[in-house]
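Here's the structure we're looking at; comments come further down.
The values are calculated or read from the model by the stated rules, or taken from the named source; none is laboratory data. Just so it is clear, the model here is predicted, and its values are computed rather than measured. Here the Cβ is made from the backbone with ideal geometry for all residues, glycine too, and neighbour counts use every protein chain on show. Protein only, heavy atoms only, side chains kept; ligands, DNA and RNA dropped before computing areas. Shrake-Rupley method; radii C 1.70, N 1.55, O 1.52, S 1.80 Å.
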Amino acid sequence: MALDGLFLHCIRQELEAAIVGAKVDKIYQPSSEELVLTLRSRDLGTRKLLLCARANSPRVQLTNATYENPATPPMLCMLLRKRLGGATVLGLRQAGFDRVLFLDFSATNEMGDKEELSLAVEIMAQYSNVVLLGPDGKIIDALKRVDLTRSSKRLILPGLVYELPPRQDKLELPDHSVEELVERIRSFRNKTLSSAVLSSVEGVSPVLAREVAFRAVGDDKHITEMTEDDFVDLEYPLLELKKEADAKAHHFCVVRDETGRPFEFSFLSLRQYGPSMAVDTYETASELLDEYYAKRDSMERIAHKSSDLKRFLNTATERIARKVEVQRGELAQSVDREKLRVYAELINANLYQLEKGVLYYDLENYYDENRILRVPADPALSPAQNSQKYYKAYRKTYTAEKKLAEQIEQGTEELAYLETVKDALSRAETERDIGEIRRELVAGGYLKDRAPVKKGGKGRRDGKAARGAKQPPSLPPIEYETTDGFRVRVGRNNLQNDKLSLKSSNKLDMWLHTKDYPGSHVVIEAKDGEISDRAIEEAAIIAAVNSTASSVDKVPVDYTLVKNLKKPAGARPGKVIFHQNWTIYVTPDEDFAERLRKK
């Protein structure tokens, strides 16, 4: 569901009570479509305000979510810090019940003079935007600049006078009576009731329009099918909507489907879905939006940041898989090399009776009870030369078979390694996770390093530049705690898997890994050398969840003491071997694992 004008009205009420009078302490731009303002006030403490212009989740709200910021702030972020840093929030304005919210600030310019600036937050699907306005109403800059290549009607460029999006010919709830609303709805005789409500009332989304229709007549009737009694019944849900819009407190709710996925939200209780759908309620709009969008937004940001690595890994694995397949085909063809040796020996044994210039030799095969074997021959060569030709082909095939077997083994190992990297990337939670995986691929020679470019110079792309570049500290392993109190650590990538399994764990700790599936290394910390069976079972579930087998019904998980692990010489990151282990079968349970995870 999209955030509609009436829900934005509820957010404005919430923000007026929470941030008016607060000062802008920090400004971040986590992505090209998001801004986060940290606001401080003596009475309410510190709040984070999110302004999001993403097409499928535009909104403005207070948030408790954590956002990872780029190492170098974008130019717009620097401009906002310069113009709005230390500014005080004066108030909020909404254009009727349209989806545009203005945040007004009292700021100080470079000369030390006070000036009023505004942020216009436009909630309009793919046209959503956040625009910084000067005291003269002109645009200073925006998250998304709109030039003539994108629109010929409404430009968003620095220096232009800001204009509101065109208003639709709809009625505002506070300014019109219920009877006037009903008459406007009746005028749309070629529409259904919900569609007519949507076309008549400003700030109403499709889900709210359907709710009004449901409360009025049950089924969504066509306007021409409605009776006078139906139009009388329509007045009550419209009156309810007017009262809810005027109220100071609301009952925010999210509706979930059979799988538990949230798919609708509203400030008005939604009855149209009946008792079969689960409904969660929230005290504030911001809490609802955090729950509804935060996890999905995080996944989208990570997917966007890791898209180039995913493309590279998919291309690399496909290329290596094709190469191994070709090599296996060549190896299959070399299975008949013994036939070449037999041909050579039989010709050599019968040189005294063979002549040059024939297409084949019929020879007694003493390897097959002296049955006659027809051996192809090159008539241009002598019998001795034909024999040498077959000997040479035999030796060549023997060498090729040996090399092909080695190449197939190396290719198979490389494929297995890249699959572990793909698995780690699929579960990356932050940009630092992605950065560590990228550095792993750079160290393995798969990618070139992105050396920093020095100011005023071309920068260096060699190893010294890479080693000299300042890298953010590595994230620690993901931590869990079993229900009986054992600490469980999970590696985030192959480099961390090696460190966790071979360096930072004690010999009597228990190591777990999914059998035959790429996944993270998991280690249970022993207590006085002991580990409970329950801890092993729960850690096995954690291992299954943190692997490519997370959707498999029964997953085999190997476990052994850390002291049994060894790293083969020259092995790729994440590769360990062991000769003593046990295996447990578990069913992955992501919700259970998430409850065990330490926040």
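Data overview
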| read-out | value |
| --- | --- |
| Two-site FRET efficiency, residue 527 against residue 369, from Cβ-Cβ distance with R₀ of 60 Å, rounded to 0.05 | 0.25 |
| Placed amide H near residue 586: partners under 5 Å, 5+ positions off or other chain | 555, 557 |
| Subset of 310/448; 248/599; 507/575 violating a 24 Å alpha-carbon distance limit | 248/599 |
| Between the stretch 504-556 and the stretch 378-402, the alpha-carbon center distance in angstrom | 55 Å |
| Sequence-distant residues sharing a close amide H with residue 561 (under 5 Å, placed H) | 511 |
| Two-site label geometry, residue 479 and residue 580: point separation in nm, points 7 Å out along Cα→Cβ | 3.1 nm |
| Packing-based order for 145-151, 68-74, using average beta carbon neighbours within 10 Å, highest first | 68-74, 145-151 |
| Highest-first arrangement of 374-387, 128-141, 52-65, where packing means the average Cβ count within 10 Å | 52-65, 128-141, 374-387 |
| Solvent-accessible surface ranking, highest first, for 367, 293 at 1.4 angstrom | 367, 293 |
| Gyration tensor over alpha-carbon atoms, the stretch 171-327, equivalent ellipsoid semi-axes in Å | 45, 20, 15 |
| Selected from 177, 329, 143, residue furthest toward positive end of dipole (the chain; charges at beta carbon) | 329 |
| Solvent-accessible area, 1.4 Å probe, carbon plus sulfur percent, for the chain | 50 percent |
| Per residue accessible area in Å² of the chain, where ligands, DNA and RNA are left out and the probe is 1.4 Å | 53 Å² |
| Dimensions (Å) - the stretch 372-415, Cα atoms, principal axes, largest first | 47, 21, 13 |
| Cα centroid separation - the stretch 169-193 against the stretch 289-305, whole Å | 37 Å |
| At q = 0.20 Å⁻¹, base-10 log of I(q)/I(0) for the stretch 516-557 (Debye sum, equal scatterers on each alpha carbon) | -0.61 |
| Whole-number D in µm²/s for the stretch 234-332 (Stokes-Einstein; Kirkwood sum over Cα pairs; 10 °C, 1.306 mPa s) | 88 µm²/s |
| Cα pair count fraction exceeding 26 Å, expressed as % - the stretch 328-440 | 48 percent |
| Of 132, 94, 483, farthest towards positive along the dipole that unit charges on Lys, Arg, Asp, Glu beta carbons give the chain | 132 |
| Which of 560, 548 is most accessible, then next, and so on - probe 1.4 Å | 548, 560 |
| For the stretch 384-440, convex hull volume per residue from C-alpha positions, Å³ | 70 Å³ |
| When the convex hull of its Cα atoms is projected in every direction, mean area for the stretch 105-203 (nm²) | 9.0 nm² |
| Under-5 Å amide H pairs with residue 446, H placed in peptide plane, nonlocal only | none |
| Net length gained if the chain between residue 175 and residue 407 were fully extended (0.36 nm per residue, minus Cα distance) | 75.7 nm |
| Filtered trypsin sites (Lys or Arg not before Pro), the stretch 533-568: DSSP coil and at most 16 other beta carbons within 10 Å | 554 |
| Nearest-0.05 FRET efficiency for residue 246 and residue 310, computed from C-beta distance (R0 56 Å) | 0.70 |
| Descending Cα extents along the principal axes, the chain, whole Å | 117, 62, 59 |
| Rounded accessible area of residue 25 (nearest 10 Å², 1.4 Å probe) | 70 Å² |
| Euclidean distance between Cα centres, the stretch 197-214 to the stretch 238-284, Å | 14 Å |
| Solvent-free Debye scattering, log10 I(q)/I(0), computed from the Cα coordinates of the stretch 32-111 at q = 0.14, 0.19, 0.25 Å⁻¹ | -0.57, -1.06, -1.52 |
| Cα extents of the stretch 304-377 along the three principal axes, largest first (Å) | 75, 28, 14 |
| Top positive-direction residue, dipole computed over the chain with Cβ charges, set 279, 320, 196 | 320 |
| Accessible heavy-atom area order of 118, 426, highest first, probe of 1.4 Å | 426, 118 |
| Zero-based 5 Å bins, Cα pair distances in the stretch 495-596, whole percents | 2, 14, 24, 26, 20, 11, 3, 0 |
| Paramagnetic reach from residue 283 (point 7 Å along Cα→Cβ, amide N under 18 Å) across the stretch 37-55 | 43-48 |
| Protection-proxy order for peptides 156-168, 175-187, each taking the mean of Cβ atoms within 10 Å per residue, highest first | 175-187, 156-168 |
| Pairwise FRET efficiency - residue 93 versus residue 155, Cβ, R0 = 25 Å, nearest 0.05 | 0.65 |
| For q = 0.24, 0.26, 0.27, 0.29 Å⁻¹, Debye-computed log10 I/I(0) when each Cα of the stretch 96-151 counts as one equal scatterer | -0.99, -1.08, -1.13, -1.20 |
| Alpha carbon convex hull of the stretch 7-144, projected area averaged over orientations, nm² | 8.2 nm² |
